[in-house]
Amino acid sequence: MHLMVAFPQIVDADCHQTSPQDRLYNCIGYAAGRRQFWWPIPGPPLTFWPITAPRVLTVAAFVTAFASVGYQPCDNEGLEDGIEKIALFVDGNGIPTHAAKQLPDGMWSSKLGKLEDITHPLRQVEGPPPSYGIVACFMSRPRKP
Amino acid sequence: MPEVLISSTQSAIVAGVTTGHVRLLHFRTGGAISLMTGEDEADRDVSLHAPDTDDLAIRFGVLVKIWREETTTPSSSYIDIVMHWAYQRIIGMGAVAVPMILAELRREPDHWGWALEAITGDHPIPPEAAGDVEAIAAAWLAWGDAHGLL
């Protein structure tokens, strides 16, 4: 699916592909900095999900999961020296749909499902499906050198 | 709804799928397959005729192709990937699909762990491999080798 179809708000000049398509990791692992993060599913563990987090599709569960890799909730998306931030998106029912991470220049980076990584202004991937809904919360942690 | 009858060569079927909009698959005895185009999900159907081995391989190939194409989207949900209708139909093929899945897995690691577990009831994945698609593929290939399926 062409990006402009999935994300009508994307402005072509602002958005850049930064990787080839890759089905071996997804947005959650990409944002967490640990590719084994996939998605909480029931049953025997095929996907990694921190033992501290409930295996449910809620913002609280995702916040707990990201906390296991050092992220804590924060108030805003502003760029701060030495801090990396993630944004958690939810659909109209409040179910998590996506996570994006902030780059050192203030742009945001997303892994698009089984597709590629892109850089983009944060809000340009918001919108109704197949866009990612709206940003529900931000989290931050010290940026690793 | 237009219908296209194609003699059963897998390349012809796959080529038809890549042109898009192939939604309805009838698998018939004797190798004849009809592909009907349409967007209505209710029109999707795979007949319940007992297929021969060639039909099974073609059915598997077509379903894999559709699953890959339709789950290569911006959606990141693992559930969207493994609950896709074509993936579910592969699970529905049962044990006969296992060698084909393993061969596919050997060719290219992908999210086949859910299907293999659903069909076989086994879970050969070490805890440290959870979420690592390539490690899960390796674990299932070792399982397949141990069971003489590769």
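Looking at region B:62-88, which of the residues that are surrounded by fewer than 17 Cβ atoms within 10 Å (Cβ to Cβ) and more than 22 Å from A:D22 (Cβ to Cβ) is farthest from the other protein chains (Cβ to nearest Cβ)?
Per the stated criteria, the residue is B:W85.
Answer yes or no as to whether A:A136 is within 14 Å of another protein chain (Cβ to nearest Cβ) and not charged (D, E, K, R).
no
Can you confirm whether B:I91 is closer than 29 Å to A:W49 by Cβ, within 14 Å of chain A (Cβ to nearest Cβ), touching a Ser or Thr at 6+ places or on another chain (Cβ under 6 Å) and modelled with pLDDT of 80 or more?
Criteria not met by B:I91.
Find all pairs meeting these conditions: Cβ atoms under 9 angstrom apart; at least six residues apart or on different chains; first residue within region A:24-42 and more than 8 Å from chain B (Cβ to nearest Cβ) and closer than 16 Å to A:L88 by Cα; second residue part of a loop (DSSP other than H, G, I, E, B) and basic (K, R).
A:G33/A:K144; A:P40/A:R55
Across region B:118-139, which residue is farthest from A:N26 (Cα to Cα) among those that are within 7 Å of another protein chain (Cβ to nearest Cβ) and surrounded by fewer than 22 Cβ atoms within 10 Å (Cβ to Cβ)?
B:H123
Which residues, counting only those in region A:75-105, are out of contact with any Leu (no Cβ under 8 Å at 6 or more places or on another chain), within 18 Å of A:K144 (Cα to Cα) and among the aliphatic types (A, V, I, L, M)?
Matches in region A:75-105: A:L79, A:I83, A:I86, A:L103.
Select from region A:94-106 the residues that are among the hydrophobic types (A, V, I, L, M, F, W, C) and free of Cβ contacts under 8 Å to residues at least 40 places away in the same chain and list them in ascending order.
Result: A:I95, A:L103.
Is region A:55-77 home to any residue that is over 21 Å from A:E126 (Cα atoms), in contact with a Lys or Arg (Cβ under 9 Å, 6 or more places away or on another chain) and acidic (D, E)?
No, region A:55-77 contains no residue that is over 21 Å from A:E126 (Cα atoms), in contact with a Lys or Arg (Cβ under 9 Å, 6 or more places away or on another chain) and acidic (D, E).
Out of region A:115-145, which residues are without any contact (Cβ under 8 Å) to a residue 12 or more places away in the chain and buried (at least 20 other Cβ atoms within 10 Å of the Cβ)?
Correct list: empty.
Enumerate the strands (runs of 3 or more DSSP E) found wholly within region A:1-103, keeping only those where 2 or more residues are among the β-branched types (V, I, T) and surrounded by 13 or more Cβ atoms within 10 Å (Cβ to Cβ).
Counting at least 2 such residues, we get A:83-90.
Give the number of residues within region A:105-114 that are among the small types (G, A, S) and surrounded by 21 or more Cβ atoms within 10 Å (Cβ to Cβ).
Adding up the residues that qualify gives 2.
Exactly one of these conditions fails for A:G92: (1) more than 13 Å from chain B (Cβ to nearest Cβ); (2) modelled with pLDDT under 90. Give me its number.
So A:G92 meets the others, but not (2).
Every residue, every condition in (1) of a type in the set (K, R); (2) assigned to a strand (DSSP E or B), yes or no:
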{"site": "A:D105", "(1), (2)": "no, no"}
{"site": "A:S109", "(1), (2)": "no, yes"}
{"site": "A:P129", "(1), (2)": "no, no"}
{"site": "A:A136", "(1), (2)": "no, yes"}
{"site": "A:S140", "(1), (2)": "no, yes"}
{"site": "A:K144", "(1), (2)": "yes, no"}
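Quick check on A:L115: is it in contact with a helix residue (DSSP H, G or I) (Cβ under 6 Å, 6 or more places away or on another chain), within 14 Å of another protein chain (Cβ to nearest Cβ) and in a loop (DSSP other than H, G, I, E, B)?
Judged against the criteria, A:L115 is not a match.
The values are calculated or read from the model by the stated rules, or taken from the named source; none is laboratory data. Here the structure is a predicted model, which means the values were calculated and not measured. With ideal geometry, Cβ positions are generated from the backbone for all residues, glycine too; neighbour counts draw on all protein chains shown.
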